[in-house]
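Participant: Below: one structure in structure tokens.
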Amino acid sequence: GESDGEAMFDALIEADGRIEPRDWMPEGYRRTLIRQISQHAHSEIIGMQPEGAWITRAPSLKRKSILLAKVQDEAGHGLYLYSAAQTLGVTRDEMTQQLVDGTARYSSIFNYPTPTWADMGAIGWLVDGAAICNQVPLCRASYGPYGRAMVRICKEESFHQRQGFEILLTLMQGTDEQRQMAQDAVNRWYWPSLMMFGPPDDDSPNSAQSMAWNIKRFSNDVLRQRFVSMLVPQAAVLGVTLPDPDLRFNDETGEYDMGEIDWTEFHEVLAGRGPLNTMRRQHRRDAHEEGAWVREAAAAYAAKKSAKAAA
Ligand code: 3HC
């Protein structure tokens, strides 16, 4: 019959309890958590690139220091998540190598260009806004280290979303050129931010098992819908138009019906053929290689120190 561990695991999941690193867990549970948490961590690290490019070109010292803080937060989110994944038996080097080799996924959203300063506003408002919708339920993920990492990340994410909204609001209260720049950025980032939630529920191979294990609490489409319904009133305050002509309030559901998402684009980006996939990976690979001497020096220093301590 079932091993004691399996019975314990099933009882914990049934009671909506927490699984901790030392608990018995099915191989599939371990594997899907390593998959999701490492991809989440990769997304945070790659997500530093679009905004990093604007730190030296921010329009004021205030905007520069806010953007610097946000990019540093993303690095920290990556480290929390890599550490959470490592409790499942995968090493930091393995995960880094998978990202550098191009065999690991990261969120599609970071493969798009950021041609103007208004993109910093659209990323904060739309990308971090979508991330909040997706990450708040993950605070209750059944795997302890993942859920706890999410609590800290969500607190910082709300600052990211607010500063993005504020950038767009400032631009929308500016000149006609600034208003147009903000609207163009919203047009560029709106549909890709909806794709962050994943494929439609009837094309989501991981969802059923992930929900049975209390990792995913709401389906891709439910969270996507929640995000759009949250955006509509905020867009009205900003005075920007969401680029979906089919967007309209549905009296029965109390939600907003949306137009068709271009899933061909989604699959192209996932296949590595998005606007900037190659550049994003190359940049990460270069940073890894150029930073090797720092890691070696730190390791040599640590070895010397521990040798001295042991002597
Ligand atoms: N980009 C890249 N790959 C995606 C994707 C996206 N937007 N959406 C789905 N996929 C992949 C999945 O990883 C899966 O492939 P895999 O089996 O090889 O991993 C495949 O498409 C099918 O999708 P499923 O819906 O079956 O997969 P999941 O159940 O894993 O759901 C998910 C996808 C909703 C993204 C889920 O993995 C998740 O919630 N992950 C954690 C959140 C996350 O990674 N967010 C990244 C956003 S960026 C961010 O948070 C940084 C912030 O600071 C802005």
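What follows is calculated from the coordinates using simple rules that are stated; it is not laboratory data. Everything numeric here is computed off the predicted structure, so don't read it as measured data. No Cβ is skipped: glycine too gets one built from the backbone with ideal geometry, and neighbour counts run over all protein chains shown.
Participant: Could you sort the peptides 25-37, 9-21 by per-residue average Cβ neighbour count (10 Å cutoff), highest mean leading? Before the final figure, lay out each step's value.
Facilitator: Details: 25-37: 17.7, 9-21: 14.4.
Sorting 25-37, 9-21 by mean packing, highest first, produces 25-37, 9-21.
Participant: Moving to a separate point now. Which aspartates and glutamates have a Cα lying under 20 Å from the Cα of K304, excluding residues fewer than 8 positions away in the same chain?
Facilitator: E296
Participant: Counting only residues 5 or more places away or on other chains, whose amide H sits under 5 Å from the amide H of G274 once H atoms are built in the peptide plane?
Facilitator: none
Participant: Still on this model: Using +1 at the Cβ of each Lys and Arg and -1 at the Cβ of each Asp and Glu in the chain, identify which of N250, G164, H77 lies farthest towards the dipole's positive end.
Facilitator: H77
Participant: Which length gain, in nm to one decimal place, applies between D201 and A303 when the Cα-Cα distance is subtracted from 0.36 nm times their residue separation?
Facilitator: Working: separation 102, 0.36 × 102 = 36.72 nm, distance 5.01 nm.
Result for the pair: 31.7 nm of gain on full extension.
Participant: Quick one, what does Rg over Rh come out to for segment 36-192 if you take C-alpha atoms and the Kirkwood Rh?
Facilitator: Numbers: Rg = 16.1 Å, Rh = 16.1 Å.
Rounded to two decimals, Rg/Rh equals 1.00.
Participant: Here's something else I'd like to know. Students often forget the sequence filter, so: which aspartates and glutamates lie under 17 Å Cα-Cα from K64 once same-chain residues fewer than 8 apart are removed?
Facilitator: Cα-Cα hits under 17 Å: E51, D73, E74, D119, E166.
Participant: Oh, and also: Quantify how much of the Cα-Cα distance distribution of the chain extends past 35 Å, in percent.
Facilitator: Working: 11939 of 48205 pairs.
Of all Cα-Cα pairs in the chain, 25 percent lie more than 35 Å apart.
Participant: FRET efficiency for E290 and F159, Cβ-Cβ distance as r, R0 = 35 Å, nearest 0.05? Display every interim value, and only then the final one.
Facilitator: Working: r = 30 Å, r/R0 = 0.86.
Taking R0 as 35 Å, the efficiency between E290 and F159 is 0.70.
Participant: Right, another one. Report the one residue of A141, Q97, P192 whose Cα lies farthest in the direction of the positive end of the charge dipole of the chain (charges on C-beta: Lys and Arg +1, Asp and Glu -1; origin at the Cα centre).
Facilitator: Going by the Cα projections, it comes out as Q97.
Participant: May I pose another question? Report the gain in length on full extension from L270 to M211: 0.36 nm times residue separation, minus Cα-Cα distance, nm rounded to one decimal. Working shown, then result.
Facilitator: On the way: separation 59, 0.36 × 59 = 21.24 nm, distance 2.27 nm.
Gain in length upon complete extension: 19.0 nm.
Participant: Next up: Scaled to the compact-protein estimate 2.2 N^0.38 Å, what is the alpha-carbon radius of gyration of segment 128-178, rounded to two decimal places? Please list the in-between numbers first.
Facilitator: Working: Rg = 15.1 Å, N = 51, 2.2 N^0.38 = 9.8 Å.
For segment 128-178, the normalised Cα radius of gyration is 1.54.
Participant: Mind listing P(r) for segment 72-154? All alpha-carbon pairs, 10 Å bins, whole percents.
Facilitator: So the P(r) values, bin by bin, are 15, 41, 35, 8, 0.
Participant: If you don't mind, there's one more thing I want to ask. Treating only the Cβ of Lys, Arg, Asp and Glu as charged (+1, +1, -1, -1), what charge dipole size does segment 168-311 show about its Cα centre? Round to the nearest 20 debye.
Facilitator: Details: 16 positive and 21 negative charges, 295 e Å.
Using Cβ point charges on Lys, Arg, Asp and Glu, segment 168-311 gives about 1420 debye.
Participant: Would you list K304, K216 from fewest to most Cβ contacts within 10 Å? Provide the component values of the computation, followed by the final result.
Facilitator: Working: K304 10, K216 23.
Ordered by Cβ neighbours within 10 Å, fewest first: K304, K216.
Participant: Okay, which of segment 141-171 sit inside 20 Å, backbone N to the point 7 Å along the Cα-Cβ direction of S60?
Facilitator: 159-171
Participant: While we're looking at this one, here's another question. Tell me which lysines have Cα within less than 18 Å of K70's Cα, excluding those fewer than 8 residues away on the same chain?
Facilitator: Partners found: K62, K155.
Participant: A follow-up question, please. Just how large is the dipole of segment 123-238 about the Cα centre, in debye to the nearest 20, putting +1 at every Lys and Arg Cβ and -1 at every Asp and Glu Cβ?
Facilitator: Working: 11 positive and 11 negative charges, 112 e Å.
Roughly 540 debye, rounded to the nearest 20.
Participant: Rounded to the nearest 0.05, what FRET efficiency is calculated for Q72 and T253 with R0 set to 45 Å and r the Cβ-Cβ distance? Please report the intermediate quantities before stating the final value.
Facilitator: Working: r = 40 Å, r/R0 = 0.90.
Efficiency, rounded to the nearest 0.05: 0.65.
Participant: A further question follows. Evaluate the distance, in nm, between pseudo-label points positioned 7 Å from the Cα of D101 and of D23 along their respective Cα→Cβ axes.
Facilitator: The answer from the label model is 3.1 nm.
Participant: On average, how much area does the Cα convex hull of segment 194-295 cover when viewed from any direction, in nm²?
Facilitator: Values: hull surface 42.3 nm².
For the Cα atoms of segment 194-295, the hull's average projected area reads 10.6 nm².
Participant: With charges set only on the Cβ (+1 for Lys and Arg, -1 for Asp and Glu), what does the dipole of segment 1-112 come to about its Cα centre, in debye to the nearest 20?
Facilitator: Numbers: 12 positive and 16 negative charges, 218 e Å.
Computed about the Cα centre, the dipole is about 1040 debye.
Participant: Let me ask something additional. Collect residues whose amide H, placed 1.01 Å from N in the peptide plane, falls under 5 Å from the amide H of E255; neighbours closer than 5 in sequence don't count.
Facilitator: Those lying under 5 Å, H to H, from E255 are N250.
Participant: When the Kirkwood radius is taken over all Cα pairs of segment 130-273, what Stokes-Einstein diffusion coefficient follows at 20 °C and 1.002 mPa s, in µm²/s? Don't skip to the end; give the middle numbers.
Facilitator: Working: Rh = 16.8 Å.
Estimated diffusion coefficient is 127 µm²/s.
Participant: I would also like to ask the following. Work out from phi, with θ = phi - 60° and the Karplus expression 6.51 cos²θ - 1.76 cosθ + 1.60, the ³J(HN,Hα) of each residue of segment 37-51, listed in order in whole Hz, and give x for Gly and Pro.
Facilitator: 5, 5, 5, 5, 5, 4, 4, 5, 5, 5, x, 6, 5, x, 7
Participant: Let me ask something else. As an exercise, take the mean of 1/r over every pair of distinct alpha carbons in segment 1-99, invert it, and state the Kirkwood radius in angstroms.
Facilitator: Value: 15.8 Å, from the Cα pair sum.
Participant: Moving to a separate point now. Report the calculated FRET efficiency for R148 and E6 (r = Cβ-Cβ distance, R0 = 22 Å), to the nearest 0.05. Show your work: numbers first, answer last.
Facilitator: Values: r = 24 Å, r/R0 = 1.11.
Efficiency, rounded to the nearest 0.05: 0.35.
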